[in-house]
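Below: the structure, in structure tokens.
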Amino acid sequence: MVASAPSMDAAQALADLTEISSQIRAAVLFDESGEVAASTLDDEGRSHELAQAAVELLRAAEELRTGADGELSQLEAATAEGSVFVVRQGARRIVATTSPEPTVGLVFYDLKSCLRGIDEEKPRRRAPRKKKTEAEASE
């Protein structure tokens, strides 16, 4: 796996994604600027190219929208050779390529689950323990 900004959470999320989704050929996690966080591709250059292509796809799709409220959250571009999916959630993005005629709803579900999984793995702060009073400590 190639990652310019290594993250075990991101790499593990992609490993889990490719394990459960047989339709996905390649996937890259990246941020809004196109910086790659993790990739299933062995070539760092190809990972960067795929992330940049996804950034451009999102930008072009946003420009084509008219009268729509909110930010574009997902898109699919299909060809006879396969599809490209991009999902945006907050600052995170994921792009994936698939075989021809994928089960679109399932691929989108898997990509969104992957992004949610990364967010859920963030360490959570524990509430500070309440100090015991002398009376509680002697019980």
field: Cα Rg, Dmax (largest Cα-Cα span) when computed across segment 1-106, Å
entry: 13.4, 41
field: Largest to smallest principal axis extent of the C-alpha atoms in segment 34-91, angstrom
entry: 40, 30, 15
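Read-outs: derived from the displayed coordinates by stated rules, not from any lab. These figures come from a predicted structure and were not determined experimentally.
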